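Asks: After the structure tokens below, expect a handful of questions from me.
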């Protein structure tokens, strides 16, 4: 599904399903949200266990069984499951409302010792052109991390593999380090996205220099739209990362704090990249217009030259097309009587045409024809 369409329908749907005046914390489930699939990983330094919890009702019994419990939910289509999770992990109703209301800006909240982070995850629906955007919610409390996503598919696999592979750093640390690792994997997923965006923009840049077509203009517009989505998802990351770093000391252990600094660093690098690409896309749009104008001028120049050369020639043929009778007066068209009148006129006309062309060239009005070659070579000069 294209991003644009996705957003449009979702926005309309949200208006329809959020009647004003409802008590805060009411869960309004969007009709096309998939049913939740709940998966958990519990681990400690020595062991780990994975399980599917979709049918499980008693979630609270799982807490405390391992040093760290990570519960991941794909799909937000069932209020009862979400309320059970909320009860088991002591989540605030307002936070749960934000989970279901999937058009949040990335942000950080804290409810009674439970940290709540909203992030956006983007992936290509059409590589280099259209993006799908989904909201990822993360709760972190004592000994647990809970992640909730709109659909299946995320950037958490490296973290899962590190737990399965028994990586000591992760397995011996607490829930706060797991929360950092998950947030970091979301932030880092923007790097390949921006890399492919950069490649797409460079291809467009070369194509625009060679030949501006309306197809290219469409592609530039799509790229700018995708960059706007990326900017919306990444710009607030800086605030989230900074707030995490400045958060109260109880939430993150001293060992995890340096990693949060690294997270802020990555967020800032991503924002820089996004801004660079946006400038590149804007200059691309200008380059397209310039290139188009240049082509149009070239065509106009050729047409004007042809038209101008034919002006005096048409004048001469028009002049000799006048039928004044030579019998009446010798002054009526005396040249019609010349033995070589016709070849002489054709010779005069050719001389005028060649003379005008030479004059145009000397004035530099025909030099436009040589420019496309230099324009083609331009991208390689960078």
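Each value in this text was obtained by applying a stated rule to the coordinates, not by laboratory testing. All values reported here derive from a predicted model rather than from experimental measurement. Note: ideal-geometry Cβ built from the backbone for every residue, glycine included; neighbour counts use all protein chains shown.
Asks: Which of (1) part of a loop (DSSP other than H, G, I, E, B); (2) surrounded by 13 or more Cβ atoms within 10 Å (Cβ to Cβ); (3) out of contact with any helix residue (DSSP H, G or I) (no Cβ under 7 Å at 6 or more places or on another chain) is the odd one out, the single condition residue 254 does not satisfy?
Replies: Against the list (1) part of a loop (DSSP other than H, G, I, E, B); (2) surrounded by 13 or more Cβ atoms within 10 Å (Cβ to Cβ); (3) out of contact with any helix residue (DSSP H, G or I) (no Cβ under 7 Å at 6 or more places or on another chain), residue 254 comes up short only on (2).
Asks: Also, quick follow-up: Within the range 85-96, can you find the residues that are crowded, with 18+ Cβ neighbours inside 10 Å and farther than 16 Å from residue 30 by Cα? First the steps, then the outcome.
Replies: Let us first name the residues in the range 85-96 that are crowded, with 18+ Cβ neighbours inside 10 Å, namely 85-86, 88-89, 91, 95-96.
Of everything in the range 85-96, those that are crowded, with 18+ Cβ neighbours inside 10 Å and farther than 16 Å from residue 30 by Cα turn out to be 85, 86, 88, 89, 91, 95.
Asks: Take the range 288-308 and flag every residue that is touching a residue at least 24 places away in the same chain (Cβ under 8 Å) and either closer than 22 Å to residue 217 by Cα or not in a helix (DSSP H, G or I) (or both).
Replies: 288, 291, 292, 294, 295, 297, 298
Asks: Check whether at least one residue in the range 47-64 is touching a residue at least 12 places away in the same chain (Cβ under 8 Å), in contact with a helix residue (DSSP H, G or I) (Cβ under 6 Å, 6 or more places away or on another chain), surrounded by 13 or more Cβ atoms within 10 Å (Cβ to Cβ) and closer than 15 Å to residue 140 by Cβ, and report yes or no.
Replies: Checked the range 47-64: no residue is touching a residue at least 12 places away in the same chain (Cβ under 8 Å), in contact with a helix residue (DSSP H, G or I) (Cβ under 6 Å, 6 or more places away or on another chain), surrounded by 13 or more Cβ atoms within 10 Å (Cβ to Cβ) and closer than 15 Å to residue 140 by Cβ.
Asks: A further question on this structure: So which residues in the range 141-156 are in contact with a helix residue (DSSP H, G or I) (Cβ under 8 Å, 6 or more places away or on another chain) and part of a strand (DSSP E or B), if there are any at all?
Replies: Listed by number, the residues that qualify are 141, 144, 145, 146, 147, 148.
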